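A short write-up of the structure that comes next.
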Amino acid sequence: MKHLGIIIAISALVAIGALAFAMPSKAPVTPDNPKTPKNNYETMWKKVKENLEKNLPESAEKALVAIEDQASKDNNQTQLLKSWLYRQNIMLFTVEEDPEQAFIQYIEEKVGQLDEVHNALLHEEIARAYARYLDDNEWRINENLPIDGDISKVEMKYWDKESFKTRIDQHYNEALKPVEALKKAKTEDFMVLYENKNNNENYIEYEASLFEFMFHRVANYYQDEANADS
């Protein structure tokens, strides 16, 4: 199996990671201190979501752009990343053909614009977006033949399965590269990116460092893949 090596590597890292989690780290890395108060961002996000609930995607997009502009001004990279990721919800309303592909293309253009911790989070989210696309369209993708040349110029619905797997592997690999920076970062400082309150509390308690949080998300993907192939 082509991806067996990656699965084995992830399994091996579990033992290494368990030791690393127990080791004390140096000064923690935290998100940029926002100039705009937290409650102001919460008010701005409420406006975005209310507009979407009212089926007003254009108004929601304007409110989202306002958050993106404010986050850029404040150098609040966590809020900036959240605004980029949330755009997928708006694209479902505004992009008529293949909004999932449109989102992946949009978000991949953002790679390299953030610090190494936020960039790692971005890579992990891109990998998950490719995996979702593959899951949602696997019935059709399984019939596709391998494509020679640059597949980025080809509509994703025509990609073969291995092309998706390759992209997923690449982004997960990049997500775990800044090991030391991820170990120093606290998971709780980045939970604003994720909206499930109960799960967030569990992550903060059991996956205190962002490396633990990211590692387990990546490992879970490859474990599911191994189970599906068995």
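Worth pointing out:
- Members of LYS46/LYS82; LYS49/LYS82; LYS38/LYS73; LYS38/LYS183; LYS110/LYS186 lying beyond 18 Å, as alpha-carbon distances in this model show: LYS38/LYS183; LYS110/LYS186
- Listed by Cβ neighbour count within 10 Å, with the fewest neighbours leading, MET91, MET156 appear as MET91, MET156.
- Label point of GLN105 set 7 angstrom out along Cα-Cβ; within region 139-156, amide nitrogens under 11 Å from it belong to 152-156.
Laboratory data are not the source of any read-out in this text; all were calculated from the coordinates shown. Computed from a predicted model, the values in this text were never measured in an experiment. With ideal geometry, Cβ positions are generated from the backbone for all residues, glycine too; neighbour counts draw on all protein chains shown.
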